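Q: First, the structure itself, so that you have it in front of you.
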Amino acid sequence: MNQYPFLTALVAILFVSIIGWLFSVVKKNVTIVDSLWSLFFLIVAVTFAFLESPLSNRGILVFSLVLVWSLRLSIYLTLRNSNQPEDYRYQTIRSNNQPNFELKSFYKVFILQGLLAWIISLPLYSSISSDVAINWIDLCAVILWFIGFIFEAVGDFQLSRFKLNEKKVLAQKEKLVLDTGLWRYTRHPNYFGNFCIWWSFYLFSGASGNWWYIFAPLLMTFLLLRISGVAMLEKTITNRRPGYADYIKTTNAFFPGFKGKKIK
């Protein structure tokens, strides 16, 4: 295995992590790392594409899908978090890592997320650099990617619309739970979409003959379910969202369930 592309991508990610960390120190807000998260994967894809050019049809396809997914998610999170206080998740991390959180955030937030992104993105190399002809597995990967993209993008859009109306909902003393649209079938459609997207990238890798990269989507799945996704969000959400306990009883946490009963 040629290690040069992997190491080059790692150096690029670490460089961007340092820039993001310095910006967070100035702003006293580390939420910017959310905007960088998907860009880390794009950095890896750009590095692989540059070092392995000219690209095959699969390489062009996978690079394009990474580009679309990464930019959409980064732009969405940047707009959502702009002019907002530090996300409650990072406020908790900040309070638990005093004193000198500014220094600790360098390796506990930025470097850590950069390294995780680098590991998860490794299957992109075999997909982007492969010269194996496109086959039926690639078709399955494309379908899975589109399913994931729809769940993630539409889920994010529906959530942003819900939050825009939140003040009105508060004034009317209605329940603060989004249980319509995709959120009727899963409590986290955006996380489920992300799950599908990264398993689709693994399928692209498998289609090129490199199935052993399965550790990457498994790691992403673990993060989504147990660390930074569902588990972290739902740890405190019942205290912040009246009615969420009932929502949990009727709606699947992650995988869509079409037998869910809408809360009245």
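Q: Just one of (1) modelled with pLDDT of 95 or more; (2) touching a helix residue (DSSP H, G or I) at 6+ places or on another chain (Cβ under 7 Å); (3) of a type outside the set (Val, Ile, Thr) trips up Pro5, so point out which.
A: Here Pro5 clears every test but (1).
Q: Here is a follow-up. Does Leu144 satisfy being at pLDDT 95 or above, part of a helix (DSSP H, G or I) and within 30 Å of Val25 (Cα to Cα)?
A: Considered against the rule, which asks whether it is at pLDDT 95 or above, part of a helix (DSSP H, G or I) and within 30 Å of Val25 (Cα to Cα), Leu144 comes out as no.
Q: Restricting to the range 78-118, name every residue that is aromatic (Phe, Trp, Tyr) and either in contact with a helix residue (DSSP H, G or I) (Cβ under 7 Å, 6 or more places away or on another chain) or closer than 21 Å to Phe40 by Cβ (or both).
A: Tyr90, Phe101, Phe106, Tyr107, Phe110, Trp118 - these are the residues of the range 78-118 that are aromatic (Phe, Trp, Tyr) and either in contact with a helix residue (DSSP H, G or I) (Cβ under 7 Å, 6 or more places away or on another chain) or closer than 21 Å to Phe40 by Cβ (or both).
Q: Let me ask something else about it. Can you work out which of the residues in the range 147-180 that are part of a loop (DSSP other than H, G, I, E, B) and in contact with a Leu (Cβ under 9 Å, 6 or more places away or on another chain) is modelled with the highest pLDDT? Step through it out loud before you land on a result.
A: Of all residues in the range 147-180, those part of a loop (DSSP other than H, G, I, E, B) come to 165, 172-180.
Applying the additional criterion that residues be in contact with a Leu (Cβ under 9 Å, 6 or more places away or on another chain) yields 176, 178.
Values: Leu176: 78, Leu178: 89.
Here the residue is Leu178.
Q: Please enumerate the residues belonging to the range 103-137 that are surrounded by 15 or more Cβ atoms within 10 Å (Cβ to Cβ), closer than 16 Å to Leu22 by Cβ and not basic (Lys, Arg).
A: Once the filter is applied, which keeps residues that are surrounded by 15 or more Cβ atoms within 10 Å (Cβ to Cβ), closer than 16 Å to Leu22 by Cβ and not basic (Lys, Arg), the range 103-137 yields Ser105, Phe106, Val109, Phe110, Ile111, Gln113, Gly114.
Q: Please work out which one of (1) closer than 26 Å to Pro123 by Cα; (2) surrounded by fewer than 12 Cβ atoms within 10 Å (Cβ to Cβ); (3) not hydrophobic (A, V, I, L, M, F, W, C) is the condition Lys235 fails and give its number.
A: In the conditions (1) closer than 26 Å to Pro123 by Cα; (2) surrounded by fewer than 12 Cβ atoms within 10 Å (Cβ to Cβ); (3) not hydrophobic (A, V, I, L, M, F, W, C), Lys235 misses (1) alone.
Q: Another one. Among the candidates Val16, Val26, Val68, single out the residue that is surrounded by 15 or more Cβ atoms within 10 Å (Cβ to Cβ) and of a type in the set (Val, Ile, Thr).
A: Values: Val26 fails: surrounded by 15 or more Cβ atoms within 10 Å (Cβ to Cβ); Val68 fails: surrounded by 15 or more Cβ atoms within 10 Å (Cβ to Cβ).
That would be Val16, the only listed residue that is surrounded by 15 or more Cβ atoms within 10 Å (Cβ to Cβ) and of a type in the set (Val, Ile, Thr).
Q: Being more than 15 Å from Ala9 (Cβ to Cβ), small (Gly, Ala, Ser) and in contact (Cβ under 8 Å) with a residue 24 or more places away in the chain narrows it down to one of Ser74, Ser70, so name that one.
A: Just one listed residue meets the conditions, Ser74.
Q: Quick one: which helices (runs of 4 or more DSSP H) sit completely within the range 91-138 and have at least 3 residues that are in contact (Cβ under 8 Å) with a residue 40 or more places away in the chain and within 28 Å of Gly59 (Cα to Cα)?
A: 112-120, 123-129
Q: Being at pLDDT 95 or above, outside the structural domain of Pro123 (by TED's automatic domain parsing) and within 30 Å of Ser56 (Cα to Cα) narrows it down to one residue among Pro217, Pro189; which is it?
A: Details: Pro189 fails: within 30 Å of Ser56 (Cα to Cα).
Of Pro217, Pro189, the one residue that is at pLDDT 95 or above, outside the structural domain of Pro123 (by TED's automatic domain parsing) and within 30 Å of Ser56 (Cα to Cα) is Pro217.
Q: Has the range 56-63 got at least one residue that is under 18 Å from the mean Cα position of the chain (by Cα) and not hydroxyl-bearing (Ser, Thr, Tyr)?
A: yes
Q: Within the range 52-87, track down each residue that is among the acidic types (Asp, Glu) and not in a loop (DSSP other than H, G, I, E, B). Can you show your working first?
A: The first filter runs over the range 52-87 and keeps only residues among the acidic types (Asp, Glu), leaving 52, 86-87.
Answer for the range 52-87, where residues must be among the acidic types (Asp, Glu) and not in a loop (DSSP other than H, G, I, E, B): just Glu52.
Q: Now, a different point. Looking at Ser17, is it touching a residue at least 60 places away in the same chain (Cβ under 8 Å), within 27 Å of Asn210 (Cβ to Cβ) and hydroxyl-bearing (Ser, Thr, Tyr)?
A: The answer is yes for Ser17.
The values are calculated or read from the model by the stated rules, or taken from the named source; none is laboratory data. Quick caveat: nothing in here was measured; it's all calculated off a predicted structure. Backbone-built Cβ (ideal geometry, glycine too); neighbour counts: all protein chains shown.
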